[in-house]
Amino acid sequence: MMKQVFNTVRMAGLIACVGLGGCAVGPDFKPPAAPEVGTYTRGALQATASAPGAGGTSQHFAAGQEVLRAWWGAFGSAALNSLIEQAFRANPNVAAAKAALRQAQETTAAQRSAFFPTISANYSPGRQRQGTGTVSPNLSSGENPYTLHTAQLSISYVPDVFGLNRRTVESLAAQEEVQRFQLEATYLSLAANVALAAIQEASLRAQVASTQDMIQAETRLVDLIQRQSTLGYASGLDLATQQAALAQASQALPPLTRQLEQSRNLLAVLTGRMPSQVTDADLDFDLEKLHLPETLPLSLPSQLVERRPDVRAAQAQWHAASASVGVATANRVPQFSISAAYGGNATAFAQMFSGQNMFWGVTGNVAQTLFDAGALKHRQGAAEAALDQAAAQYRASVLTAFQNVADTLYAIDQDAQALRAAVDAEAATKKTFDLTRKQRELGGASALVVLNAEQSYMQARVTRIQLQAARYADTVGLFQALGGGWNRRQ
């Protein structure tokens, strides 16, 4: 008899799956085609300008070349490589993204179980005594009191006739893809943030050193004018003017030092540590030692939507919204279910499945909502509106991705030209400052002339350092805008 029950459920499920298995209401999602554009920018970019010194290398764009997954190795910094690997291991955002992915995977797996029957077993013993003054005992033997043992095996199955479960699983699987792409995006943004923070740290370190050099030069000049004033070759106004210049240079140092320490704190947090746990050995960054990649990979525009994890996440979200429309539609059609039970009861445990003590039953059920004041209809309408929203958000993410690449390419080109101009400006202002300072030492130039030349040189030097850092940061930005090679498993 137990075999008959199992066969009944199996055949019912087989008929539903085979006969109606191809029927899944709602739209079938089709991945969108890649944008039909041939370039990222309005004008073709081949190579950047070059300039003497660190960060001045001319960079060439390699059209069609893919970004390496470990793109940060192109900067030639062992310290940077170590920090990024540390961040991957210890950053809490990575741990949170991994947990979110595991949660989505478990949720999808739980929903897939609805494709199979649910089987449960139950055993219920009970000691009873029936009153005999009004009713007679309900046992055929007339025994009173008695112990009744009941064991039952229950099987329930919901055939997926109109694809309700298939669409639900499809939606959850797409949400799982969203979490997977978001994990990749977390890795990508984390690597970029660590690299940018390291570049910023190196830039601020150089600016602090430049400012300290300037303070030392100002101090020497104050001492010189002090001696000249004592000998009567300089006025008190000249001395006061130079002392003011020294104070101004000294005033510029604390803000730079504050920014430098903040960038180090940021690197500590990105790598999952407290600010106090970062040592100087962890922060061995120097703009003069960083390598600026000469060849920049530039994947084809038609492939960008496949390379960006945020775009792929938006596409997966669109897919989930499409499947949700199918779920809402399936909830409006009849729902089928099958249940079966097999068991036995007796006053003796060993006799539950003997003789006439066994029982079984098979039940089928069809349910259809007849009136709900339009609730299911409006839920379907809401799902369709969410589908339109997800489609628009996907298109917005594609446009943003292309804008990111175009903006970064223009930044790489223009910052290279700006650095070349800044190097020339620094050389010219340094020469002017050196000449005016010598003239001042010989009494042939006023303190105001020296001060103006000094300020121009100091600003030119800081600008050159900032533009050097900008070129490294631009390169990081391009790697990130192109997707960071997340889909390449080298």
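A short reminder: the numbers here are calculations on the coordinates, not readings from a lab. All figures in this text were calculated on a predicted structure; none of them were measured in a lab. A quick note on method: Cβ atoms are made from the backbone with ideal geometry, for glycine too, and the neighbour counts reach across all protein chains shown.
Which is more than 30 Å from Arg127 (Cα to Cα) and of a type outside the set (D, E, K, R), of Gln356, Gln335?
On the way: Gln356 fails: more than 30 Å from Arg127 (Cα to Cα).
Only one candidate passes the filter, namely Gln335.
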- Query: In the range 400-432, what residues are more than 16 Å from Gly55 (Cα to Cα), under 24 Å from the mean Cα position of the chain (by Cα) and surrounded by fewer than 19 Cβ atoms within 10 Å (Cβ to Cβ)?
  - Reply: Thr400, Gln403, Ala406, Asp407
- Item | From the options Ser189, Ser210, residue that is closer than 30 Å to Phe75 by Cα, part of a helix (DSSP H, G or I), among the hydroxyl-bearing types (Ser, Thr, Tyr) and touching a Lys or Arg at 6+ places or on another chain (Cβ under 8 Å) | Ser210
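Say whether the condition of being surrounded by fewer than 14 Cβ atoms within 10 Å (Cβ to Cβ) and among the aromatic types (Phe, Trp, Tyr) is met by at least one residue in the range 363-385. Before the answer, list the steps.
Step one: list which residues in the range 363-385 are surrounded by fewer than 14 Cβ atoms within 10 Å (Cβ to Cβ), which gives 363-375, 377-378, 381-382, 385.
Those left that are additionally among the aromatic types (Phe, Trp, Tyr): 371.
The answer is yes, given that some residue of the range 363-385 is surrounded by fewer than 14 Cβ atoms within 10 Å (Cβ to Cβ) and among the aromatic types (Phe, Trp, Tyr).
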- Query: Filtering the range 244-275 down to residues that are more than 23 Å from the chain's Cα centre (by Cα), buried (at least 17 other Cβ atoms within 10 Å of the Cβ) and not small (Gly, Ala, Ser), which residue is farthest from Asp213 (Cα to Cα)?
  - Reply: Leu260
- Message: Please count how many residues of the range 421-451 are part of a helix (DSSP H, G or I), free of Cβ contacts under 8 Å to residues at least 40 places away in the same chain and closer than 25 Å to Leu231 by Cα.
- Response: 7
- Under 9 Å by Cβ, and 6 or more places apart or on different chains, what pairs join a residue from the range 42-53 that is of a type in the set (Lys, Arg) with one that is not in a loop (DSSP other than H, G, I, E, B)? Arg42/Ala406
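What are the residues in the range 276-289 that are loosely packed, with under 13 Cβ neighbours inside 10 Å and in contact (Cβ under 8 Å) with a residue 12 or more places away in the chain, if any? Steps first, please.
Step one: list which residues in the range 276-289 are loosely packed, with under 13 Cβ neighbours inside 10 Å, which gives 276-277, 279-281, 288.
Across the range 276-289, the qualifying residue is only Glu288.
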- Counting only residues that are more than 15 Å from Leu190 (Cα to Cα) and part of a loop (DSSP other than H, G, I, E, B), how many does the range 244-277 have? 1
- Just for the range 290-301: of the residues that are touching a Gly at 6+ places or on another chain (Cβ under 8 Å) and not in a helix (DSSP H, G or I), which one is surrounded by the fewest Cβ atoms within 10 Å (Cβ to Cβ)? His291
